[in-house]
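The structure appears right after this line, and notes come after that.
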Amino acid sequence: MPVSNRHFASRMGRWGATHPWTAILLWLVVVVGAFSIGTVIETKQATNQDLLVGEAAEAARLIEENGLRNPAAENILIGTRADRATAAQTAERTAAATELRRRLAALPEVASVSDPIGSPNGRALLLQVSMKGDADTAADRVTPLLTATADTQKQHPGLLIEQAGDASVKHDFQEWLAKDLQKATVISVPVTLAILLLIFGALVMAGVPVLLGLMAVASTMGLWALASHLVPDPGMVTDVIVLMGLAVGVDYCLFYLRRYREECANGYDPASAVGIAAATSGHSVMVSGIAVIVSAAGLYLSGDVMLASMATGAIIVVAVAMVSAVTVLPALLVKLGRAVDRPRVPLVRRLSQRNGTPRVWGFLLRPATRRPLISLVVAVGGLVALALPALDMNLKATQVDDFPRSLSTMRTYDRLVDAFPSTANTDTVAVRVPAGESEQLRARMTRLSESVRQDPLFATDSPPRIRYSADGRGAVLEAGTPTAPGTDPARDSVTRLRADLVPDALRGVPGVEYAVGGAQAEDMDYTSNLNSRLPLVIGGVFALTFLIILLAFRSVVVAMTTVVLNLLSVAASFGFLCLVFQRNWAEDLLDFTSTGHVVSWVPILLFVILSGLSLDYHVFVVSRIRESVVAGMTTKNAVVDGITRTAGVVTGAAAVMVAVFATFGTLTFIEMKQIGVGLAVAIVIDATIIRIYVLPAAMTLLGRANWWPSRTGPSGSLPESRRSAETFRDTARV
């Protein structure tokens with residue numbers, strides 16, 4: 001797209017190229033300073049209350065006001081390895097429980113330890129441990145308890161002594177997730193470098209984008225530690241930063257470098273080539289980066305702390321990557337000069353520098369340009385067919401039960417639920433009444449407890465438990481259910497409490513406040529909130545996308561086409577996501593166990609990220625098409641020329657993104673796997689079906705109308721970006 005030297009990207013490119021050492025040193029100072037922030041300021045973790053919405057959040061608030069929040073609880077299961085225990089094993093089990101109880105009670109992290117509780121089947125004993133301090137940070141203090149349990153297990157090898165609880169599961173999960181993330185990073189970096197070597201055929205030119213991408217990730221980690229004090233971290237933001245930083249940071253540099261190399265091949269010296277790249281690809285990078293940032297900001301409309309924190313991390317890393325590409329990269333290119341094309345990989349180098357129009361692209365684009373209407377109908381029909389399974393999307397928030405069984409604590413959790421079914425799930429009813437209603441509160445809570453106990457949905461071996469606040473005005477009823485969260489009976493139990501049992505028991509109490517919470521209620525409220533906010537997020541993102549493209553190209557038609565293409569690719573990827581993760585045909589292929597649902601927050605996150613990323617090379621391609629139109633080509637020829645000329649860089653950019661995202665698709669955690677697979681599939685759809693068939697067919701059909709109401713047409717002269725580059729060459733300091 002012909003752009004003026006007045007554009008910000010062009011000005012920043014000129015400044016970076018004319019003041020290279022200043023730009024490089026300033027960039028290093030900023031990166032080191034930003035990274036250092038993370039070593040000084042501790043990342044603020046989101047509390048359980050931060051992450052709740054709806055009535056479940058209200059229940060948590062009432063429990064907190066009543067002073068009845070449960071401390072962090074750990075469960076120690078002591079059983080035999082055989083189905084039937086001998087008398088000697090039974091005696092040893094009792095002795096081990098007594099010994100471990102004494103040892104745990106002596107720990108400073110422990111508030112109390114229960115007497116051994118026998119399981120209904122008589123095969124195991126249970127010790128329930130209450131921990132001191134804030135339950136939200138208990139995972140940081142659970143190690144001494146795990147050590148005591150492990151030591152007791154070593155002393156009694158004939159028994160099975162294991163521990164599971166919110167703190168130990170979280171501790172185990174965090175360690176496992178950190179290793180999973182490290183694995184993804186270790187794999188994605190060399191894969192990305194290999195792809196860039198194939199694209200450029202030179203080690204330095206391939207290494208520069210990877211270096212800048214890693215630097216963007218490193219500096220963002222520090223900046224995120226600071227930002228987390230405004231939007232607390234739920235524990236997944238670093239994954240998003242790595243995912244987005246590597247993909248976007250490398251791609252932005254790739255666009256810039258390919259245009260730089262192309263202009264050098266056209267006879268321009270490095271300084272002039274940098275000027276042209278800054279005025280064309282640099283401007284496309286700015287538009288793409290702003291589009292991704294604006295799209296990510298749409299997550300703030302979700303009213304969800306977790307999504308807002310992910311949006312913040314994504315915005316920071318994209319902004320850092322974008323600024324690096326238009327400031328530091330020009331400076332590096334000017335200082336490196338011809339050395340940026342060294343050392344060369346001989347065979348790959350010859351392939352990467354092949355001149356002329358690749359015949360394969362002319363062949364691929366022929367159906368869309370010769371039979372545009374038929375191609376458009378067939379391609380759009382295929383995407384719509386792929387999107388249809390999304391109509392049956394089953395959403396569910398991730399619960400503890402969904403964690404991978406590769407975690408030892410989760411295998412213990414399964415045995416714990418099997419031995420003590422009442423621990424599978426607990427619904428809570430939080431109540432607070434005005435002063436003077438304490439006696440009535442006790443009577444009504446007793447009535448509610450009796451109703452719950454008689455209801456078959458709460459048929460467990462443990463009756464409902466009621467706890468009262470110190471001032472007598474608050475109460476919490478805890479009712480166990482025999483099924484885990486996420487099942488139909490568990491959902492029915494929450495609905496039964498909210499619709500019938502609680503209102504009936506508390507009807508007529510003046511000024512009463514009550515709410516039903518618990519794991520299942522949290523899941524239901526969370527999913528319901530996202531479903532209700534989804535239209536607002538979609539509308540907001542599409543409106544902002546339309547506005548950005550309208551301002552970039554001054555064309556209503558191009559802006560509208562962009563929105564429609566985004567919708568098609570996102571919908572198709574959602575359909576594929578449902579086919580893969582709600583069914584079991586891909587379990588062996590992707591190494592996972594289907595849960596029969598899509599994680600409730602994944603679709604909205606994917607939609608927002610994809611809406612921004614799909615513009616990454618869409619802007620680049622349409623910009624090149626518009627350049628050709630301005631130079632005097634017909635729309636049909638401009639479409640072929642623009643897509644063909646950008647084929648290498650766009651294919652490379654898509655390959656980098658797919659490689660990074662697919663790496664995350666290999667991870668064990670179902671949330672990251674769904675994000676990785678969803679993003680990778682959407683990029684493949686965008687880079688193939690959309691770019692080869694839908695976009696060229698639509699633009700060929702529209703012809704001159706593509707640019708309405710602007711007056712894009714033949715200029716009969718050199719594009720302004722090239723004219724400004726001629727002047728830039730004379731002033732650049734090489």
Exercise. Just give me the residues in region 462-490 being within 13 Å of L68 (Cα to Cα) and of a type in the set (S, T, N, Q), in sequence order.
Key: S469
Quiz item: Assuming A559 fulfils every condition listed in (1) part of a helix (DSSP H, G or I); (2) in contact with a helix residue (DSSP H, G or I) (Cβ under 9 Å, 6 or more places away or on another chain); (3) free of Cβ contacts under 8 Å to residues at least 60 places away in the same chain; (4) under 24 Å from D392 (Cα atoms) apart from one, which condition is it?
Solution: (4)
Quiz prompt | Answer from K132, K183, K179, K154 - the residue that is modelled with pLDDT under 90, farther than 30 Å from R344 by Cα and either crowded, with 22+ Cβ neighbours inside 10 Å or of a type in the set (K, R) (or both) | solution = K179
Self-check item: Filter result for the condition that a residue is in contact (Cβ under 8 Å) with a residue 60 or more places away in the chain, surrounded by fewer than 16 Cβ atoms within 10 Å (Cβ to Cβ), in the same structural domain as V248 (by TED's automatic domain parsing) and farther than 30 Å from W707 by Cα, over L590, L577
Solution: L590
Quiz item: Mind checking which residues of region 682-695 are at pLDDT 90 or above and either in contact with a Pro (Cβ under 6 Å, 6 or more places away or on another chain) or over 13 Å from L568 (Cβ atoms) (or both)?
Solution: I683, V684, I692
Self-check item: Filtered residues of region 627-661 (kept if over 34 Å from the mean Cα position of the chain (by Cα) and charged (D, E, K, R))
Solution: E627, K636, D641
Exercise. Collect the residues in region 582-600 that are closer than 26 Å to A308 by Cα and in contact with a Phe, Trp or Tyr (Cβ under 8 Å, 6 or more places away or on another chain), keeping them in residue-number order.
Key: T595, H597, V598, S600
Practice problem: Kindly establish whether G235 is farther than 25 Å from V29 by Cα, out of contact with any Phe, Trp or Tyr (no Cβ under 9 Å at 6 or more places or on another chain), assigned to a loop (DSSP other than H, G, I, E, B) and not hydrophobic (A, V, I, L, M, F, W, C). | Solution: no
Quiz prompt | Residue satisfying all of: in region 378-423; assigned to a helix (DSSP H, G or I) and at pLDDT below 80; nearest to A571 (Cα to Cα) among these | solution = D402
Quiz prompt | Out of S36, S10, S4, sole residue that is at pLDDT below 90, part of a helix (DSSP H, G or I) and of a type in the set (S, T, Y) | solution = S10
Practice problem: Output yes when any residue across region 526-534 is in a helix (DSSP H, G or I), among the basic types (K, R) and under 22 Å from the mean Cα position of the chain (by Cα), and no when none is. | Solution: yes
Quiz item: Out of region 13-33, which residues are among the hydroxyl-bearing types (S, T, Y) and either modelled with pLDDT of 90 or more or closer than 17 Å to A319 by Cα (or both)?
Solution: T22
Exercise. For R583, state whether it is modelled with pLDDT under 90, more than 30 Å from G303 (Cβ to Cβ), charged (D, E, K, R) and assigned to a loop (DSSP other than H, G, I, E, B).
Key: yes
Practice problem: Among the residues of region 600-638, count how many are of a type in the set (D, E) and surrounded by 24 or more Cβ atoms within 10 Å (Cβ to Cβ). | Solution: 1
Quiz item: Yes or no: V431 crowded, with 22+ Cβ neighbours inside 10 Å and within 17 Å of L62 (Cβ to Cβ)?
Solution: yes
Quiz item: Hey, among L534, L530, L565, which residue is in contact (Cβ under 8 Å) with a residue 60 or more places away in the chain and in the same structural domain as I685 (by TED's automatic domain parsing)?
Solution: L565
Quiz item: Out of (1) touching a strand residue (DSSP E or B) at 6+ places or on another chain (Cβ under 7 Å); (2) of a type in the set (A, V, I, L, M, F, W, C); (3) outside any helix (DSSP H, G or I), the odd one out for C578 is which?
Solution: (3)
Quiz item: Is it the case that some residue within region 271-280 is small (G, A, S), touching a helix residue (DSSP H, G or I) at 6+ places or on another chain (Cβ under 9 Å) and under 24 Å from V40 (Cβ atoms)?
Solution: no
Quiz item: When region 477-515 is examined, which residues are found to be at pLDDT 90 or above, in a helix (DSSP H, G or I) and of a type in the set (D, E, K, R)?
Solution: R491, D492, R496, R498, D500, D504
Quiz item: Take the residues of region 105-133 that are assigned to a loop (DSSP other than H, G, I, E, B) and without any contact (Cβ under 8 Å) to a residue 60 or more places away in the chain: which is nearest to R415 (Cα to Cα)?
Solution: G122
Quiz prompt | Tally of residues being under 29 Å from the mean Cα position of the chain (by Cα) and crowded, with 19+ Cβ neighbours inside 10 Å across region 135-151 | solution = 4
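The values are calculated or read from the model by the stated rules, or taken from the named source; none is laboratory data. Keep in mind that what you see is a predicted model, and the values were worked out from it rather than measured. FYI the Cβ positions are ideal-geometry reconstructions off the backbone, even for glycines, and counts take in every protein chain you see.
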